[in-house]
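Working notes, beginning with the structure itself.
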Amino acid sequence: MAQPQLESNEADLIRRVCGGEPQAFEELVRPYERLVYATAISILRNPADAEEVAQEAVLKAFSKLSSFRGESKFSTWLVQIAYNEARMKLRKDRQHLYESLDSEQQDQDGEYWPKDFADWRPIPSELLENKELHEALQNGINSLGPMYREIVILRDVQKLSLKDTAAVLGIPEGSVKTRLHRARLQLRDFLAPGFDGSWSSGHSYRKVRAW
Amino acid sequence: MSTIEISCVEIWREISNYLDGEISLELRTRMQAHFEVCEHCTAVLDGTRNVVQLVGDGSIFPMPEGFSERLYKKLHDRLSS
């Protein structure tokens, strides 16, 4: 029952902002500031650029709020703005590199098969707080192509639904599933040896090939 | 009733959907039967599940320190301009 309450609270905040109480906007945006930042960094990969774009996106959402029709969730609409702002910034910054985003988006067609069949032990829960593990995960995600990186961040990091992810990216749900699948398998291959060669200390990692 | 066998390649295609519960009951049953006998596919399944858990647990991309303060200062500057 929490969800409808949240949404009606949001609808109420939106009405207040549009009705001349702009201070209510902060309360509206605050639950999603991390989501906005994560969306920006999934595309830009640089914390300073991601912060700048996140700020721009929030200001833009404020000035465009009266055009929000409530056809999607407020969070989806907000993330869409952040996504578009980040893509625009990337395009602008890359103009001099003679490199288009679109060519990069097409670079990894075809199916992806697992490369390694080593058995993972369950991840010890104390590792989840480990700084090196966080770095390994960041490197793994940053090693993915842009279209796979954004999918992983929206779906698996920020836990957006399939439907909301498709809406933010403007692609069919089937494409979200296909890209997410590839991204997860690639990440698994990237992380398979463990960040220190082993997921738990005392055991060395052994690569296993199926053939 | 015996389940129709499924190849490793078919399994790999559906691992992610399997984890998300985005497959039919019939396919799920066939995949489960396969996992019981194929250690390679089970390794891929377990590893992929670990990846999803690791990525989703905790903040991999922490917001820069002072992010919120700077964001709302910008917003307040805009509101008062």
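For residues that are β-branched (Val, Ile, Thr) and either in contact with a strand residue (DSSP E or B) (Cβ under 6 Å, 6 or more places away or on another chain) or more than 26 Å from B:Gly66 (Cβ to Cβ) (or both), tally how many sit in region A:50-94. Matching residues across region A:50-94 total 1.
When only residues in region A:158-196 that are modelled with pLDDT under 90 and part of a helix (DSSP H, G or I) count, which is nearest to the other protein chains (Cβ to nearest Cβ)? Residue satisfying both the conditions and the ranking: A:Arg188. State whether one or more residues within region B:60-72 are within 7 Å of chain A (Cβ to nearest Cβ), at pLDDT below 85 and out of contact with any His (no Cβ under 8 Å at 6 or more places or on another chain). Yes, there is a match, as at least one residue in region B:60-72 is within 7 Å of chain A (Cβ to nearest Cβ), at pLDDT below 85 and out of contact with any His (no Cβ under 8 Å at 6 or more places or on another chain). For region B:24-37, does any single residue satisfy the condition of being within 12 Å of chain A (Cβ to nearest Cβ) and not polar (S, T, N, Q)? There is no residue in region B:24-37 that is within 12 Å of chain A (Cβ to nearest Cβ) and not polar (S, T, N, Q). Considering only residues in region A:37-71 that are among the β-branched types (Val, Ile, Thr) and within 26 Å of A:Gln23 (Cα to Cα), the one that is modelled with the lowest pLDDT turns out to be A:Thr39.
With (1) more than 8 Å from chain A (Cβ to nearest Cβ); (2) in a helix (DSSP H, G or I); (3) in contact with a Lys or Arg (Cβ under 7 Å, 6 or more places away or on another chain) as the list, and B:Ser16 as the residue in question, which single condition is left unmet? Unmet for B:Ser16, out of (1) more than 8 Å from chain A (Cβ to nearest Cβ); (2) in a helix (DSSP H, G or I); (3) in contact with a Lys or Arg (Cβ under 7 Å, 6 or more places away or on another chain): (1). When residues in region A:51-76 are screened for being buried (at least 22 other Cβ atoms within 10 Å of the Cβ) and more than 8 Å from chain B (Cβ to nearest Cβ), 3 of them pass. Residues in region A:157-168 that are in contact with an Asp or Glu (Cβ under 7 Å, 6 or more places away or on another chain) and among the aliphatic types (A, V, I, L, M): A:Leu162, A:Ala166.
The values are calculated or read from the model by the stated rules, or taken from the named source; none is laboratory data. Because the structure is predicted, anything quoted here is derived from the model rather than measured. Virtual Cβ from ideal backbone geometry, glycine too; neighbours counted across all protein chains shown.
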